[in-house]
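Each remark here refers to the structure printed beneath this line.
The values are calculated or read from the model by the stated rules, or taken from the named source; none is laboratory data. Everything numeric here is computed off the predicted structure, so don't read it as measured data. Here the Cβ is made from the backbone with ideal geometry for all residues, glycine too, and neighbour counts use every protein chain on show. These accessible areas exclude ligands, DNA and RNA; they are computed on the full protein's heavy atoms, side chains included. Shrake-Rupley method; radii C 1.70, N 1.55, O 1.52, S 1.80 Å.
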Amino acid sequence: MISNRVKNITPSATVTLNGKVSELVAAGVDVIAFNIGEPDFDTPAPIVEACQKALSQGKTKYTAASGIMPLRKAICAKLLRDNGVTYEPKQICVSTGAKQALNNAILAVVNPGDEVIIPTPCWVSYIEIVKLADGIAVTVPTKESEGFQLDIEAIKSAITPRTRAILINTPNNPTGASYSEKSLRELGELALKHDFYIVSDEIYEKLIYGESKHICPAALSPEIYEHTIVINGFSKAYSMTGWRIGYTAAPKDIAKAIDDLQGHTTSNSTTFVQYAALEALDAKNDASVEAMKVEFNKRRKYLLDFLRSIPDVTCADAGGAFYLMPNISKYYGCSYNGMVIKDSFDFCTFILEEAKVAIVPGASFEAPDNVRISYSNSMENLERGAKRLLQAMQLLKQ
Ligand SMILES: Cc1ncc(COP(=O)(O)O)c(C=O)c1O
C-alpha cells in the first residue's frame, strides 16, 4: 500500500503533454520545442575537463555530506562577490541539485500542519515539496498587470500564526519576473515581524536582462539574513542540468539541520561533479555565462514583440530566466474543426496538434489564463515556431 504522503502528490500535469510530444517526435514529426526548462547550450568545456580530471585522479569516493571544503569556500566567495552576503563554509550544504536543496530547506523548517506561502504562478514542484513535508501550501497570486511582482498586501493577508516560510523564486519560473528590491525589503520586514523564513530560490540569478537587477534577500539586513535560506545551483547558469548539483546557504542552525538531514538521505552530491562545480565558479567561465545571457536576451525581445503582436494576447515583460507567460484566455470558447478550447490544456493540445509547437499549459503553474513559452531554442526555431503558432491561432473562431 502506498503511503498517504506519496499518494497525495499531484503528478506533473505536463507529463501527459510531454508524452504526446515524444510520440510525435518518435514518429518523425518536426515538433518545435518551446516547452524546454533547461538552457540549449553546452556545458562550458573547462567544466567538463575539470570533471574528467577529477575522475582520472580518482576523486570517486565519499566526501563530507555537505560537500568538499574548496567548493564550499568557493560558494562563500561567490555569494560575497555576486550577492553581497557573507557566509562561512559550515553554512553551505552542497546537494544533488537545487531541487534537493529546496526539499532539504522545507523539511528542515516545516512541521506537520505548518503553512508555507507560495506566490503564484509558481514552479510545478513547489506545492508538492511542501506537501511532502506534511506542510500546507498557501498559494498567493501575483498579478499579470503588475508584471507578476510580489503582491505584498495579498501576502500580508495570507500570514497566520502557522506561517513558517515563504517560498520565492526570483528570477521566476514560469513568469520570468525578477522581484524588485522594494518588494523584497517589504517581504523581509514581514518575515521579521511574523518570524518566518524566506526560502529564496535563486537558480535563474545569472539570467537577468535589461534594467532588472537580482537581489538576494539575505543581503538586505543582518536581521533578514537570519530569516533567509538561499537556494542556488549550477543547472541554469552553467547549463549543467544533468549534472545534478546545487546548494543551500543558511543561518548556522538551519545549515546544521540540513547537513544532518542530508547525511541520512543522499549524503554528498557526486564527488567528481563537485570538482566540476568548483571549476564553474572560476571567473574564467564568466564569459560563457555572459554569452548565453546575450543570446537569451535577443530571443526574449523577439518573442515578446511577437507575442504582443498577436490579436487578443497580452504578455507581461519579464526581466529574467528564459520564459514568457502570455495570456491567451481570450481564445477560450473558440473552436476549430469541432474542438472547443476550454482551458490552457486544450489550447496547448490544439497548438501541438495543429502547429506542431510544444508549449506548457499555465494551469500546471497555477496560471489558468496563460501558457508558458520557453525561448531556450535557437533563433531560427523561434521564428519558425512563432509563424506556426500564429497560423494555428488564426484558425480559432468564436
Ligand atoms: C524554479 C526552479 N527551481 C529549481 C529548479 C531545479 O534546479 P536543479 O536542476 O538544480 O535541481 C528548477 C528547474 O527547472 C527551477 O525551475
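Tabulated data for the structure shown
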item: Between the range 1-57 and the range 114-154, the alpha-carbon center distance in angstrom; result: 24 Å
item: DSSP-defined beta bridges in the range 45-283 - what % are antiparallel, rounded to 5; result: 30 percent
item: Fraction of accessible area attributable to carbon and sulfur, the range 45-283 (%, probe 1.4 Å); result: 54 percent
item: Candidates per chymotrypsin sites (Phe, Trp or Tyr not before Pro) in the range 16-66, loop by DSSP, up to 16 other Cβ within 10 Å; result: 41, 62
item: For residue 322, distant residues with modelled amide H under 5 Å away; result: none
item: Amide H within-cut-off set for residue 149, under 5 Å, with H built and near neighbours excluded; result: 143
item: Principal axis dimensions, largest first and in whole angstrom, of the range 45-283 by Cα; result: 56, 41, 31
item: 1.4 Å probe accessible area per residue over the chain, in Å²; result: 42 Å²
item: Mean-position separation - Cα centroids, the range 340-398 and the range 60-95, in angstrom; result: 41 Å
item: Built amide H within the under 5 Å cut-off of residue 139, gap 5+; result: 118
item: Per DSSP, loop trypsin sites (Lys or Arg not before Pro) in the range 75-163 with at most 15 further Cβ within 10 Å; result: 143, 162
